[in-house]
Amino acid sequence: MSEGAAKKEEKPRRFQAIRGTRDLLPPETALWNRVEQTAHKVFSTFGFGEIRLPIFEQTELFARSIGLETDVVSKEMYTFTDGPLKRLEDIAGYIRSMVEYQSFLFVAQLFDFYVREFKLGVSRGDLPEEHRSTLLEMHNILEAVQNLDARRHEGDLSTEKERVLARIKLYVSVPRFADVLALRPEATASVCRAYIENNMQQLPQPVKLYTIGPMFRRERPQKGRYRHFYQIDAEVLGGTDAPAIDAEVIEMVMTFFERLGLEGVQLHINSIGDKNCRPKYVELLRAELSKVKDKLGPDSQRRIETNPLRVLDSKLKEEQAIIENLPRIGDHLCQDCATHYAAVKHELGLRGVKYHENWRLVRGLDYYMRTTFEITAKGLGSQNAVCGGGRYDGLMELLGGPPTKGIGFAIGEDRLILSLLETGHSPLATPHSPLLYIAWMGEKAYTTAIRAAKNLRNAGFRVELPPVEQKFSKALGQADKLGARFALILGDNEVASGEWTLKTLADGKQEKLRESDLVEHLKKQL
Ligand code: HAM
């Protein structure tokens, strides 16, 4: 290979953002800031305080709250192991995923790795001494594997192999030796965990919290759907489940959207009952769905068993007519749920909040009961839900906390921004181009320029101070390119006379000013 070709080969690798993630750049970030500032302002008028949470938690926190059968937990979580025994746990996880459909020998070899790693853990002191006996038992299994291998020509050994596999499974069945963590796919579970951990039940109830930050779901990326996205999440925890709380939470998000000028906002609401009435409805739905099973697609067929409510979410064209004829939850609510739902609608009416009832709105997370809602907006295509939420009384108990009422929502901030941009909201509400460019030449002028920049910035002006000396003509060209309104010209003459030159770039007008007058003069120009 020629020297030139070798050099070409060495070209450093260029990195790209991971699929489903993206960089948010200025000037669009100015709009993100405006949205977040508005959230801080509006939410505080409703008595909400900000909570900041870690972006990873125990995987089990999400599994238990969102539900094992949901798409979010079963398919979309970014999980990883952590701790000194991470490798041991990774091998165990690998065996767990292989044991059902790989050959006996393959699994046995993996188990051999596992035992070696286990031994290392004991000798390093990462695993307590009492695990020496476990190690002995596992060695016995490896011996049994060797024994079977030696007898491989003896005919059918499948029963014995099954027995050995069952013993292997026992040792790797649950994650025990490392933390299994996940990047959070949503914030509600973490807010509940924090409420319990920080004894917030001792505060005056309800506790109203909101949080803004990134969430992670391994979804198929498309417009408005990312693997790393942002939510603005709000939760009301504790106190009563008075319908006025449901209505006020919804009123708050609608007020927020109105303040931002979001267009085409539509609120959809439903009640999905509680633990008294929903199981009966789900059984009825399952029975009805079973009757039409053959006409449903594979996803819905599977969901008849795992989560029949989710069939109602289906967007498949050929399933729509069937779904329209299914029993509706509204007709099967118990008295308490029906009364609560009617009162929520009444309370929304009192607040002048317009809504559409949608009996098919069931939401994709398991913790909901009674009130559920979604909000759609303009300009978003198929991913048009800009907010989703609902009531989740009972979730706190599921996470080991005291009986606590809960309701909240999360806004998809990426989608909110997308909708604002698509409907002509300029990201340039806070311009980031400089107001003033300092064109300096000469060492003395540089010291003066640094002082001028400091004073002007302290007064709140956006100032660009070039880091190296350049000819005035070049500096003025640069000021123009950056979109500055003024150039402050500082050369030896200006420093000596104390009279500075301020040039208005649009019309070329030049004025002489004293340093002490500059700030006041600029203020008058704005
Ligand atoms: P969710 O419906 O899963 O609810 O998400 C809420 C919102 O987050 C969605 O309406 C959407 O705007 C946005 N979102 C979800 N996934 C993505 C994605 N992959 N890319 C971009 N945006 C996305 C929850 O997360 C619940 N924790 C809401 C809640 C709070 N319920 C009670 N309290």
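The values are calculated or read from the model by the stated rules, or taken from the named source; none is laboratory data. Note that the coordinates shown come from a computational prediction; the quantities given were computed from them, not determined experimentally. So basically every Cβ, Gly included, is an ideal-geometry build from the backbone, and we count neighbours across all protein chains shown. These area figures cover heavy atoms from the full protein model, side chains too; ligands, DNA and RNA do not enter into them. Shrake-Rupley method; radii C 1.70, N 1.55, O 1.52, S 1.80 Å.
What the table below lists for this structure:
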{"item": "Candidates Ala144, Ala189, Ala194, filtered to the one that is open to solvent by less than 60 Å² (accessible area, probe 1.4 Å), at pLDDT 90 or above and either in contact with a Gly (Cβ under 6 Å, 6 or more places away or on another chain) or under 24 Å from Val122 (Cα atoms) (or both)", "result": "Ala144"}
{"item": "Single residue of Leu31, Leu24 found to be within 30 Å of Glu251 (Cα to Cα) and within 16 Å of the chain's Cα centre (by Cα)", "result": "Leu24"}
{"item": "Members of the stretch 191-206 found to be more than 10 Å from the ligand (Cβ to nearest atom) and touching a residue at least 60 places away in the same chain (Cβ under 8 Å), listed by number", "result": "Arg193, Ala194, Tyr195, Ile196, Gln201, Pro206"}
{"item": "Sole exception among (1) touching a Ser or Thr at 6+ places or on another chain (Cβ under 7 Å); (2) over 26 Å from Gln222 (Cβ atoms) for Ala30, by number", "result": "(2)"}
{"item": "Conditions (1) touching an Asp or Glu at 6+ places or on another chain (Cβ under 9 Å); (2) open to solvent by 10 Å² or more (accessible area, probe 1.4 Å); number of the one not met by Lys481", "result": "(1)"}
{"item": "So Leu262, is it in contact with a Ser or Thr (Cβ under 9 Å, 6 or more places away or on another chain), crowded, with 18+ Cβ neighbours inside 10 Å, at pLDDT 95 or above and not charged (D, E, K, R)", "result": "yes"}
{"item": "Enumeration of residues in the stretch 72-105 that are in a helix (DSSP H, G or I) and either surrounded by 18 or more Cβ atoms within 10 Å (Cβ to Cβ) or on the phi > 0 side of the Ramachandran plot (or both)", "result": "Val72, Val73, Leu88, Glu89, Ile91, Ala92, Ile95, Phe104"}
{"item": "Out of Arg303, Arg370, Arg360, Arg351, sole residue that is crowded, with 19+ Cβ neighbours inside 10 Å and under 29 Å from Ile232 (Cα atoms)", "result": "Arg370"}
{"item": "Total residues in the stretch 259-287, condition touching a helix residue (DSSP H, G or I) at 6+ places or on another chain (Cβ under 9 Å) and part of a helix (DSSP H, G or I)", "result": "10"}
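Each row is one residue, and each column tells you yes or no for (1) within 10 Å of the ligand (Cβ to nearest atom); (2) in a strand (DSSP E or B).
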{"position": "Ala189", "(1), (2)": "yes, no"}
{"position": "Glu219", "(1), (2)": "yes, no"}
{"position": "Ala234", "(1), (2)": "yes, yes"}
{"position": "Glu251", "(1), (2)": "no, no"}
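Every residue, every condition in (1) modelled with pLDDT of 95 or more; (2) aliphatic (A, V, I, L, M), yes or no:
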{"residue": "Pro434", "(1), (2)": "no, no"}
{"residue": "Tyr437", "(1), (2)": "yes, no"}
{"residue": "Lys481", "(1), (2)": "no, no"}
{"residue": "Ile489", "(1), (2)": "yes, yes"}
